[in-house]
Amino acid sequence: MKENTIRVVIPLSVRRKNGRPKILPPADHASTEARVQDAHVLRAIARAWNWRRRIERGEASTIADIADADNVSDRFVSRMMRLAYLAPDVLEKLLIHRTPPALSLNNLMVVAERPWSEQMEAVFGTSLGSLQLSRRS
């Protein structure tokens, strides 16, 4: 008597992201779900706002105080704190609607230096090729 066997092949690939394996669908697979917000962006914004509140409350008087307390460099704190000054509409889209930015976290910090009126297009715009991330003098 012969058994009927069905073999299912799912073409997935495994890639390491942040030291953890991540299963990726095939390249030609069109996702039906919206992209998911990167947890690193959310954590970075929360951290920046926490540092900003500590300074506003008087718990820390300088960036160096925060850096010493959190055991990080003062340069890291000053770069990350820029995220606390993103435009309110950009923060709403990132945090409430969980729309992922079209930029890396480093480029998001640079965009935070721009005027609020320019940030929405820079963070969520589709034309990344024309995006100038250089600092203004």
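Points to keep in mind about this one:
- Among the residues of the stretch 91-108, those that are under 13 Å from LEU42 (Cα atoms), under 12 Å from the mean Cα position of the chain (by Cα) and not basic (Lys, Arg) comprise LEU91, LEU94, LEU95, THR99, PRO100, PRO101, SER104, LEU105, LEU108.
- Counted residues, the stretch 88-112 - those being among the small types (Gly, Ala, Ser) and surrounded by fewer than 19 Cβ atoms within 10 Å (Cβ to Cβ): 2
- Only one of ARG57, ARG7 that is modelled with pLDDT of 85 or more, loosely packed, with under 10 Cβ neighbours inside 10 Å, more than 25 Å from SER117 (Cα to Cα) and more than 23 Å from the chain's Cα centre (by Cα): ARG57
- Matching residues, the stretch 60-87, being among the small types (Gly, Ala, Ser), surrounded by 15 or more Cβ atoms within 10 Å (Cβ to Cβ) and more than 15 Å from GLU113 (Cβ to Cβ): ALA60, ALA67
- Every pair of residues 6+ apart whose Cβ atoms lie under 7 Å, when the first sits in the stretch 81-95 and is closer than 25 Å to ALA60 by Cβ while the second is modelled with pLDDT of 90 or more and among the charged types (D, E, K, R): MET81/ARG52; ARG82/GLU113; ALA84/ARG52
- Residue ranges of helices (runs of 4 or more DSSP H) in the stretch 72-131 with at least 1 members within 20 Å of TRP51 (Cα to Cα): 74-81, 88-91, 105-111
The values are calculated or read from the model by the stated rules, or taken from the named source; none is laboratory data. All values reported here derive from a predicted model rather than from experimental measurement. No Cβ is skipped: glycine too gets one built from the backbone with ideal geometry, and neighbour counts run over all protein chains shown.
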